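**Q** Starting off with a structure, shown below.
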Amino acid sequence: MELGVSFSICFSPESVLETVDLNAKGVDYLIYMWAARQFALGFIFAFATLKKSIPMLTIAYIFFLVMFVGDFFIGISQKDIALIISALVMCIISSALLFAINRRK
């Protein structure tokens, strides 16, 4: 999922960033930084999953959880109900996966 988001941000930012002026100075820099972050996260998840590395998956899901907690607060500050709901759902999913991964130890 994260790899798909990364490519979507790079090659079709208008589909992801509907409310952002893509012609403003410095926006392309931020877009590519965000795409790189998403790509790195997707690569880490893929690598950890293929290696079946519980510690690496744990760290990745903790990062995921922290990222979505941040999105939740951004959603509150921007009064964006869709972002709030999606962040809550992803926090629940990340927490459940963290629990499932670490229960197997």
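**Q** When the accessible area of segment 1-72 is computed with all protein chains present and a 1.4 Å probe, what percentage of it is carbon and sulfur? Could you put the intermediate results ahead of the total?
**A** Working: 3450 of 4810 Å².
About 72 percent, which is the carbon plus sulfur part of the accessible surface.
**Q** For segment 32-82, with every protein chain kept in place, what is the accessible area per residue (1.4 Å probe, Å²)? Could you put the intermediate results ahead of the total?
**A** Working: 3410 Å² over 51 residues.
Here the per-residue accessible area is 67 Å².
**Q** Which of rounded, prolate, oblate describes the chain, given a ≥ b ≥ c as roots of the alpha-carbon gyration tensor eigenvalues and a/c under 1.5 marking rounded, otherwise prolate only if a/b is larger than b/c? Walk me through the numbers on the way to the answer.
**A** Details: a/c = 2.91, a/b = 1.51, b/c = 1.92.
It is oblate, given that a/c is not under 1.5 and a/b is not larger than b/c.
**Q** Excluding Asp28 itself, what net charge comes from residues whose Cβ is under 14 Å from its Cβ, given Lys and Arg +1 and Asp and Glu -1?
**A** Details: positive: Lys25; negative: Glu14, Asp21.
That sum, taken over residues with Cβ under 14 Å, equals -1.
**Q** I would also like to ask the following. Relative to the first principal axis of the alpha-carbon coordinates of the chain, what is the inclination of helix 27-51, with its axis defined by its Cα atoms, in degrees from 0 to 90 and to the nearest 10?
**A** Between helix and principal axis, roughly 20 degrees.
**Q** Something else: What is the dipole size for the chain, taken about its Cα centre, with +1 at each Lys and Arg Cβ and -1 at each Asp and Glu Cβ, in debye to the nearest 20? Mind dumping the intermediate values first?
**A** Details: 8 positive and 7 negative charges, 157 e Å.
I would put it at about 760 debye.
**Q** Another one. Can you give the extra length, in nm with one decimal, that the chain gains between Phe7 and Arg103 once fully stretched, where that is 0.36 nm per residue apart less the Cα-Cα distance? Intermediate values should be presented prior to the final figure.
**A** On the way: separation 96, 0.36 × 96 = 34.56 nm, distance 3.34 nm.
Value of the extension gain: 31.2 nm.
**Q** For Met33 and Ile92 in the same chain, what is the full-extension length gain: residue separation times 0.36 nm, less their Cα-Cα distance, in nm? Could the numbers behind the result be given before it?
**A** Values: separation 59, 0.36 × 59 = 21.24 nm, distance 2.62 nm.
Gain in length upon complete extension: 18.6 nm.
**Q** On a 0 to 90 degree scale, rounded to 10, what angle separates helix 2-11 from the longest Cα axis of the chain?
**A** 20 degrees
**Q** If you don't mind, there's one more thing I want to ask. Could you rank the peptides 86-97, 43-54 by their average count of other C-beta atoms within 10 Å per residue, with the highest value first?
**A** Numbers: 86-97: 15.3, 43-54: 13.2.
Averaged packing, sorted descending, gives the order 86-97, 43-54.
**Q** Hey, with R₀ at 35 Å, roughly what FRET efficiency would Gln78 and Ala46 work out to, going by the Cβ-Cβ distance, to 0.05?
**A** Numbers: r = 31 Å, r/R0 = 0.88.
Using R0 = 35 Å, I get an efficiency of 0.70.
The values are calculated or read from the model by the stated rules, or taken from the named source; none is laboratory data. On a predicted model such as this, the values are computed, not experimentally measured, just so you know. For neighbour counting, all protein chains shown are included, and Cβ atoms are generated from backbone atoms with ideal geometry for every residue, glycine included. When the accessible area is computed, the model is the full protein with side chains, heavy atoms only, and any ligands, DNA or RNA have been set aside. Shrake-Rupley method; radii C 1.70, N 1.55, O 1.52, S 1.80 Å.
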